[in-house]
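Visitor: A single structure is presented below for examination.
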Ligand code: HEM
């Protein structure tokens, strides 16, 4: 069924009948809205009113200048998601969120995260030892495993590998439904007592048990700094000396796991796919790696010189932003781009579409890492490119993620070239984040052979 446009005077452009279109092809749908109706589009999902916003000025208004008038969207308050992340940084609001963000921030300071670079490279080298020249691998699966290793090591330190593996396995099961059910279906499904949902709740309880045990063992050991993220969260305290409760720690740990693992794996996965389609960019990457590293493994200190590697990562995040839509809900009536937006309206801002807007990017569908010169970056409207969101709720892990992705890309590309397997069709599934539907099979070729 085609979407019907119903002009709606000063409230904006209203289109009805969108659910079938949206469910069939969410990305095509949000692209078409922008193409057909412009920068501000009003629509409705069942009974839920929603606006789609496509201009950097209005995105800046919602995420930054007017951020106090917006909370996280309805989809973040579903029982499924709440059970998983509780009141962690991604979902909490108001003064509670502000305090938690203040307490968690030092864990992400540059000096602290620099220390994680060596863990990232070490885990990556360990993975490469298992790769054989000429074999074909699902690169999405490999990247998911690798970033899972890294997040468990950086969160919990290497000494608790056994428990960390239990956490990783439980989380992989818990996020399964998000992977297969695109669109809004899971919001409804997870309320029903199906066997799948009962399994979900059982696994969630097991996960809680392990995380709480790790926390209590750390407390019993006097919160000694083990160099990991959990140590920082355990030690964090307010001016009045108050610290996070076990439950808050649990919520933040699961949130960091969830927010930081798949997003990073996906950026790498899409990066490998794009590089396999653009041998000239791959050639330039190797040149940089040979010049800067001369065959040794990369270190955090190499980052400023791995400029082209970083450009590749930025361009991958432009074309395949894992968080392909950023959402909010209005608290009070307001105006966006000349349209009146009532309280309790969902407001969606899709990097997927804005990152491909020809007003801001020439040849927007083309993979052109070299576009990311300092001049281009400073001339670009701030919210024309927002893979990490923006304003006070900007991704707390953005520097951590950039460091991880650049270091892993450098470590892997130094040794191997990745070729798309013959007959491999790549289909995107916009689930919780932007995944390849059936993985991406790639042939691993030793660069030096
Ligand atoms: C390429 C990788 C990543 C991408 C694309 C990404 C994207 C985002 C985006 C778009 C937001 C804002 C959501 C909103 O405004 O509603 C966000 C928030 C967040 N991200 Fe990331 N992220 C990445 C990696 C990470 C990593 C590595 C961590 C932690 C280790 C992390 C932790 C968080 C947390 C805790 C928040 C909530 C922050 C708050 O509201 O205070 N992310 N991320």
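Visitor: Consider segment 46-75. How many of its residues are over 22 Å from residue 335 (Cβ atoms) and touching a residue at least 40 places away in the same chain (Cβ under 8 Å)?
Guide: 1
Visitor: Would you mention how many residues in segment 204-232 are farther than 11 Å from residue 156 by Cα and assigned to a helix (DSSP H, G or I)?
Guide: Selection size over segment 204-232: 13.
Visitor: Sort through 442, 409, 432 and tell me the only one that's more than 16 Å from the ligand (Cβ to nearest atom), buried (at least 19 other Cβ atoms within 10 Å of the Cβ) and either at pLDDT 95 or above or outside any helix (DSSP H, G or I) (or both).
Guide: 442
Visitor: Can you confirm whether segment 49-62 contains a residue that is more than 13 Å from the ligand (Cβ to nearest atom), over 20 Å from residue 354 (Cα atoms), more than 20 Å from the chain's Cα centre (by Cα) and in a helix (DSSP H, G or I)?
Guide: The answer is no; no qualifying residue exists.
Visitor: If residue 137 satisfies every condition in (1) part of a helix (DSSP H, G or I); (2) more than 13 Å from the ligand (Cβ to nearest atom); (3) crowded, with 18+ Cβ neighbours inside 10 Å but one, which is the exception?
Guide: So residue 137 meets the others, but not (1).
One line per residue, one yes/no per condition, for (1) in contact with a strand residue (DSSP E or B) (Cβ under 7 Å, 6 or more places away or on another chain); (2) at pLDDT 95 or above; (3) surrounded by fewer than 19 Cβ atoms within 10 Å (Cβ to Cβ):
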{"site": "44", "(1), (2), (3)": "yes, no, yes"}
{"site": "54", "(1), (2), (3)": "no, yes, no"}
{"site": "65", "(1), (2), (3)": "no, yes, yes"}
{"site": "72", "(1), (2), (3)": "yes, yes, yes"}
{"site": "75", "(1), (2), (3)": "yes, no, yes"}
{"site": "79", "(1), (2), (3)": "no, no, yes"}
{"site": "82", "(1), (2), (3)": "no, no, yes"}
{"site": "85", "(1), (2), (3)": "no, no, no"}
{"site": "94", "(1), (2), (3)": "no, yes, yes"}
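Visitor: Would you mind stating whether residue 176 is away from the ligand (no atom under 14 Å from the Cβ), in a helix (DSSP H, G or I), at pLDDT below 70 and closer than 21 Å to residue 267 by Cα?
Guide: Here the answer is yes, as residue 176 does meet what is asked.
Visitor: Please go through (1) more than 30 Å from residue 237 (Cβ to Cβ); (2) buried (at least 16 other Cβ atoms within 10 Å of the Cβ); (3) out of contact with any helix residue (DSSP H, G or I) (no Cβ under 8 Å at 6 or more places or on another chain) for residue 24 and return the number of the only condition it doesn't satisfy.
Guide: So residue 24 meets the others, but not (2).
Visitor: Report whether or not residue 387 is within 11 Å of the ligand (Cβ to nearest atom), under 21 Å from residue 281 (Cβ atoms), touching a strand residue (DSSP E or B) at 6+ places or on another chain (Cβ under 7 Å) and assigned to a loop (DSSP other than H, G, I, E, B).
Guide: Here the answer is no, as residue 387 does not meet what is asked.
The values are calculated or read from the model by the stated rules, or taken from the named source; none is laboratory data. Being a predicted model, the structure only gives us computed values, none of them experimental. Quick reminder, even Gly has a Cβ in these numbers, built from the backbone with ideal geometry, and neighbours come from all protein chains shown.
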